[in-house]
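Novice: One structure is given below, represented as structure tokens, and several questions about it will come after.
The values are calculated or read from the model by the stated rules, or taken from the named source; none is laboratory data. Since we're looking at a predicted model, the values are computed, not measured. Neighbour counts are summed over all protein chains in view; Cβ atoms, including those assigned to glycine, are modelled from backbone coordinates with ideal geometry. Note: areas computed on protein heavy atoms with side chains; ligands, DNA, RNA excluded. Shrake-Rupley method; radii C 1.70, N 1.55, O 1.52, S 1.80 Å.
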Amino acid sequence: MAAAKGKGRERKKDFGPIGDPSRLATVRRAAHLLTEGVKGLAISPGQTLACIVSLAVAACLVTLFASYGSLAVSLLDRAGQRARVLVYLKDEVPSATVEDVIRRVRARTEVDKVEYLSREQDRARNTALLPKDLVGRLQPDSVPGQHCLDVSFRDTPGRAPDVAAVASLLRAIEGVDVVAEPPVGAARIRSAAAAVGFGRLVLTLAAVLLLASTVFFVIGTLTRTMERRRDEMTILRLVGATDAFVRVPLFVQGVLQGVIGVLCGAIAALIVAGATNAWIGGDLGVGVRVPVHPAATLSLAVLVGAAVGAFGAFIASIRRLP
Amino acid sequence: MPLVSLHNVTKRYPNGTEAIRGLSFEVGKGEFVFLSGPSGAGKTTLIRLLLRMEQASEGDVLVFGRNLRALRRSAVPYLRRNIGVVFQDFRLLPDRTVFENVGLGLHVLGLSRREVRDRVEGVLYDLSIDRYANAFPPMLSGGEQQRVAIARAIVMQPALVLADEPTGNLDWELSNDIVRLFENLNSRGTTVMMATHDRFLLEAYPRRTLLLNKGFMIEDRVGYAVPKGG
């Protein structure tokens with residue numbers, strides 16, 4: 001660092017007075033370059049706007065695909081974990097056997113809770129599942145009821161229990177009449193969750209590719225700027241502008257475009273996610289909601305936008321700078 | 001120590017054309033030198049070599065005592081900050097005012113707004129174009145545009161001014177004005193090298209003249225005599 005500064009001083013001494021060497025001059029140069037970069041946004045306003053919109057759309061899609069995909073996976077995952085089976089017991093089974101069955105079921109590690117329902121309790125549960133107008137026309141004891149065990153499984157995040165395996169084990173116990181599994185097996189829910197997770201990954205990657213392809217918009221806009229400013233850049237070189245002095249306004253313009261575009265997209269995605277949460281009441285009933293992390297999302301958007309813009313400016317400047 | 005010094009300089013382009021062949025001369029501090037010769041003589045190439053826009057194929061070009069062949073690319077801007085350059089086609093930015101055109105280079109130096117304003121206004125006043133400060137170049141005549149270009153070159157207070165056919169697009173009256181401006185600048189100690197093929201100007205202003213033809217130096221003399229049949 002010190003050596004580099006030394007070389008700089010040596011260069012300046014070689015050619016006599018070349019301007020204000022103070023730090024204040026460096027600040028003034030920086031302010032000038034920043035202003036020139038901002039002015040660059042207005043050189044081709046239509047193209048700049050198109051670039052910002054495409055960046056915003058791509059960033060919005062990335063954020064939405066990532067967050068909604070996460071929501072779908074979480075929902076299915078929870079559905080799989082909340083699976084329960086009903087173990088209907090034979091009528092004549094003695095209470096000692098029932099207690100033995102309960103004890104054996106509870107011994108399973110994946111089982112969370114076992115609740116005994118009497119015939120009346122089961123009938124009441126079944127009645128509650130029927131439409132009210134139908135229930136009104138039925139004799140109370142015409143709704144079936146059988147004493148049973150309501151077995152619910154442990155809620156282990158990210159891992160659905162193997163309900164089918166537990167059900168087949170329960171069927172082998174003496175005194176068990178029927179084991180009713182959920183209409184959609186936990187394994188299938190788990191498969192669905194995996195499929196949705198894969199879909200989410202593919203869609204998010206596609207959106208990331210879309211975002212990456214917007215670099216071409218940035219390059220196109222900056223190339224246009226350079227074409228418009230070619231004469232100015234040539235003159236700047238002739239009056240002693242350094243490479244950095246010519247390049248920095250392009251980078252400022254690129255980074256501004258990138259940050260504005262990606263930030264707008266991220267804000268739009270956050271608004272949509274927030275609205276979705278408000279619409280579903282903040283929770284889908286199983287502790288799942290669209291993940292919204294404003295601070296992290298916006299910080300990441302600024303970083304990604306700056307990276308996309310700077311990369312576009314770098315490519316444009318090495319290809320076209322006079 | 002001479003300000004500009006060339007030793008057996010040859011500039012050969014990739015297609016084999018030799019724009020300059022074995023050129024050697026020196027220009028001292030405070031000199032006024034005309035570079036003359038017909039089109040294709042090598043005047044513009046010589047100016048480009050002095051600005052380090054091109055590199056000599058053979059020989060050494062020394063400016064301010066520094067061999068431009070050995071000059072690192074990163075040092076070239078610092079060389080150019082000491083050289084003012086004026087072109088035949090003015091090269092002004094049509095969408096910037098006269099003030100902005102002239103002040104363009106001062107931002108490179110990191111001067112304050114006030115310093116930029118003082119310097120630009122001073123130069124515009126010296127060249128009698130201060131009333132056009134807020135005008136755009138296309139609104140000005142050729143002579144006025146060339147004055148703006150000269151203002152842009154000298155506002156950096158360079159030790160050397162290179163002018164490539166600055167009167168090429170101007171009539172006789174305006175050409176005289178421009179040369180007088182360069183003479184005035186030269187009288188204040190700035191070294192001026194001006195390329196022109198206008199023999200009437202060379203006759204009217206008897207100064208040291210380097211006469212080039214097809215890349216060779218034909219003559220290096222004070223004053224100018226119209227070549228026979230020329």
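Novice: State all residues of region B:168-197 that are closer than 22 Å to residue B:42 by Cα and without any contact (Cβ under 8 Å) to a residue 60 or more places away in the chain; if no residue qualifies, say none.
Specialist: Matches in region B:168-197: B:170, B:175, B:179.
Novice: Would you mention how many residues in region A:244-268 are open to solvent by 20 Å² or more (accessible area, probe 1.4 Å) and in contact (Cβ under 8 Å) with a residue 12 or more places away in the chain?
Specialist: 12
Novice: Follow-up question, since we're still on this one. Could we say that residue B:123 is of a type outside the set (Gly, Ala, Ser) and surrounded by 15 or more Cβ atoms within 10 Å (Cβ to Cβ) here?
Specialist: Answer is yes for this residue.
Novice: OK, next. Being within 19 Å of residue B:190 (Cα to Cα), more than 14 Å from chain A (Cβ to nearest Cβ) and outside any helix (DSSP H, G or I) narrows it down to one of B:166, B:158, so name that one.
Specialist: Among B:166, B:158, only B:166 is within 19 Å of residue B:190 (Cα to Cα), more than 14 Å from chain A (Cβ to nearest Cβ) and outside any helix (DSSP H, G or I).
Novice: So is residue B:115 free of Cβ contacts under 8 Å to residues at least 12 places away in the same chain, facing chain A (nearest Cβ under 9 Å), surrounded by 14 or more Cβ atoms within 10 Å (Cβ to Cβ) and of a type in the set (D, E, K, R) or not?
Specialist: The answer is yes for residue B:115.
Novice: Looking only at region A:292-314, which residues are open to solvent by 40 Å² or more (accessible area, probe 1.4 Å) and either among the aliphatic types (A, V, I, L, M) or at pLDDT below 85 (or both)?
Specialist: Correct list: A:292, A:295, A:296, A:298, A:300, A:302, A:303, A:304, A:307.
Residue-by-condition table, conditions (1) outside any loop (DSSP other than H, G, I, E, B); (2) at pLDDT 90 or above:
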residue	(1), (2)
B:5	yes, yes
B:19	yes, yes
B:24	yes, yes
B:30	no, yes
B:35	yes, yes
B:39	no, no
B:46	yes, yes
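Matching residues to (1) in a helix (DSSP H, G or I); (2) under 42 Å from the mean Cα position of the chain (by Cα); (3) modelled with pLDDT of 80 or more; (4) within 11 Å of chain B (Cβ to nearest Cβ):
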residue	(1), (2), (3), (4)
A:32	yes, yes, yes, yes
A:35	yes, yes, yes, yes
A:85	no, yes, yes, no
A:99	yes, no, yes, no
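Novice: Separate question: Report, ordered by the first and then the second residue, all pairs with beta carbons closer than 7 Å, sequence separation of six or more or different chains, a first member in region B:47-62 that is in contact (Cβ under 8 Å) with a residue 24 or more places away in the chain and among the polar types (S, T, N, Q), and a second member that is open to solvent by less than 50 Å² (accessible area, probe 1.4 Å) and in a strand (DSSP E or B).
Specialist: Listed pairs, sorted by first residue: B:57/B:10; B:57/B:11.
Novice: Which numbered condition trips up residue B:89, out of (1) open to solvent by less than 20 Å² (accessible area, probe 1.4 Å); (2) within 11 Å of chain A (Cβ to nearest Cβ)?
Specialist: So the condition that residue B:89 fails would be (1).
Okay, residues lined up against (1) within 11 Å of chain A (Cβ to nearest Cβ); (2) modelled with pLDDT of 95 or more; (3) surrounded by 19 or more Cβ atoms within 10 Å (Cβ to Cβ):
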| site | (1), (2), (3) |
| --- | --- |
| B:52 | yes, no, yes |
| B:63 | yes, no, yes |
| B:72 | yes, no, no |
| B:78 | yes, no, yes |
| B:99 | no, yes, yes |
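Novice: Would you check if residue B:195 is crowded, with 23+ Cβ neighbours inside 10 Å and away from chain A (no Cβ under 14 Å)?
Specialist: In short, yes.
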